[in-house]
Amino acid sequence: MIKYFLSLLIPIFLSANLTYDVNYDKELNVLSSFDIDGSFLYDPIMNNMKNRTLAKDKHFFKAMENAYLFIPAIKSTLSKYNVPQEFLYLAMAESNFRTKAYSNKRAAGLWQFMPGTAKHFQLHIDEYTDERRDPIKSTEAAAKYLSSLHKRFGKWYLAAIAYNCGGGRLSRAIKDAGTDDLNVLLDEEKKYIPKESRYYIRKIVALSLIGSDEYYLLKSEYEYLLNRANAYSLATIKLSSGESLERISKLLGLPLAELKKLNRHLKYDFVPPYAKGYDIYIPYIKLSEFKQKYQSEPIKNIYKVHKVTKGDNLSYIGKKYGVSYKVIKDFNNLKTSSLRINQKLIIPIPKRSSKQKIDTKHYYIVKKGDSLESISKTHKISIQNIRSQNNISGSLIKIGDRLKLYE
């Protein structure tokens with residue numbers, strides 16, 4: 001009987017030991033990709049981070065699930081610049097894979113670029129776009145930045161630390177420590193690098209170790225994350241100036257909210273008025289359908305045409321439609337802010353402005369006894385509003401004057 005039980009248990013023990021060996025090798029490979037010695041597996045602070053993340057694994061998997069369309073593209077771009085795949089988890093540490101992430105230090109996007117760094121790596125930020133939130137272009141910039149840091153410092157863990165605290169700060173730390181050894185730089189008493197950076201590199205390693213643990217993923221409900229194919233990735237399409245995201249969403253049967261999530265770099269729900277059009281992203285599985293169905297439409301079918309009347313100016317028109325005056329100026333190729341009576345302006349109205357009452361204009365003929373104050377109270381419009389609409393500098397109005405009012 002004892003022999004029988006042993007014959008059952010031995011394969012189990014061997015299987016468990018094999019699983020342990022395979023996983024241990026994978027963990028060593030993760031550390032090697034960062035140029036970190038295997039002894040770091042026993043770093044207590046890193047292991048505490050790892051265990052806390054495992055205890056709240058739904059947060060980890062929720063972030064992975066939210067970014068399932070981005071992840072293949074991120075990995076492909078990292079490979080293109082010879083950056084280890086594990087740096088995927090640097091983006092996770094930075095933003096939890098949220099393209100709309102924004103810090104109180106003005107960093108934005110998946111990779112949390114500051115405006116100056118973004119500009120250095122050709123990420124465009126203007127009235128229409130913030131390419132720090134572009135999942136592809138920002139990853140290209142991050143990969144270039146990490147490659148340059150690796151070239152400068154020679155080790156990938158140093159590139160990750162420099163990404164957090166800056167190359168100058170890390171150079172001073174290495175000089176003070178007399179070495180670039182990770183264990184020395186992480187000394188909690190000497191504090192060669194800032195506390196945030198000491199925890200930052202540990203967090204990236206901890207997330208990478210979890211993400212490489214196939215046994216852990218297989219026994220979870222998120223096994224499918226291991227097998228994301230090209231069908232679950234992004235396709236880039238070029239749209240002409242002024243195209244509406246809402247029309248594309250209807251064309252593809254894709255919820256507008258999902259399309260906007262893939263294109264957070266667009267500040268409005270339309271393509272910027274750049275001469276050559278602009279790239280936006282759709283799920284790869286929708287690419288064939290897009291090619292079959294898409295035909296460009298005249299811009300007039302998407303935007304409202306505003307006829308300039310007395311008292312109009314770009315600032316007022318912009319406020320009326322919920323669009324920056326700069327956007328109106330650019331869309332209409334205006335060299336100056338001067339307008340002509342009866343001039344027609346194309347107004348690109350973003351989705352969020354659709355609830356505004358944009359056709360509630362009416363006129364009021366001034367009667368005996370009227371004043372700006374009485375008209376203001378009657379029509380629930382501020383005196384300043386009436387003045388700006390009608391180019392009135394003081395309080396003088398005359399019987400028979402025709403005042404333009406908006407509710």
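The values are calculated or read from the model by the stated rules, or taken from the named source; none is laboratory data. Predicted model, so just to flag it, every value in this text is computed and none were measured. Cβ: placed from backbone, ideal geometry, glycine included. Neighbour counts: every protein chain shown. The area values use the complete protein model at the heavy-atom level, side chains included, leaving out ligands, DNA and RNA. Shrake-Rupley method; radii C 1.70, N 1.55, O 1.52, S 1.80 Å.
Tabulated results
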{"read-out": "Aspartates and glutamates whose Cα lies under 13 Å from that of K50, excluding same-chain neighbours fewer than 8 positions away", "value": "E27, D213"}
{"read-out": "Alpha-carbon radius of gyration plus Dmax, which is the widest Cα pair, for the stretch 19-158 in Å", "value": "16.1, 54"}
{"read-out": "Kyte-Doolittle at least -1.0, axis length at least 27 Å by Cα - qualifying DSSP helices, the chain", "value": "2-33"}
{"read-out": "Base-10 log of normalised Debye intensity for the stretch 18-92 (one unit scatterer per alpha-carbon) at q = 0.12, 0.20 Å⁻¹", "value": "-0.42, -1.12"}
{"read-out": "Kirkwood-based shape ratio for the stretch 123-195, expressed as Rg/Rh from alpha carbons", "value": "1.12"}
{"read-out": "Value at 222 nm in deg cm²/dmol, rounded to 500, when DSSP H runs of n ≥ 4 in the chain each add -39,500 (n - 2.57)", "value": "-14500 deg cm²/dmol"}
{"read-out": "Carbon/sulfur fraction of accessible area - the chain, other protein chains in place, 1.4 Å, %", "value": "51 percent"}
{"read-out": "Solvent-accessible area per residue, Å², over the chain with all protein chains present [probe radius 1.4 Å]", "value": "55 Å²"}
{"read-out": "Descending Cα extents along the principal axes, the chain, whole Å", "value": "110, 54, 40"}
{"read-out": "Sequence-distant aspartates and glutamates (8 or more away, or on other chains) whose Cα lies within less than 12 Å of K261", "value": "D134, D269"}
{"read-out": "Shape box of the stretch 269-339 [Cα atoms, principal axes, largest first, Å]", "value": "50, 19, 19"}
{"read-out": "Of K151/K267; K144/K319; K26/K144; K75/K191; K335/K404, those spanning more than 30 Å from alpha-carbon to alpha-carbon", "value": "K151/K267; K144/K319; K75/K191"}
{"read-out": "Which of G154, L90, G178, positive extreme of dipole for the chain (C-beta unit charges)", "value": "L90"}
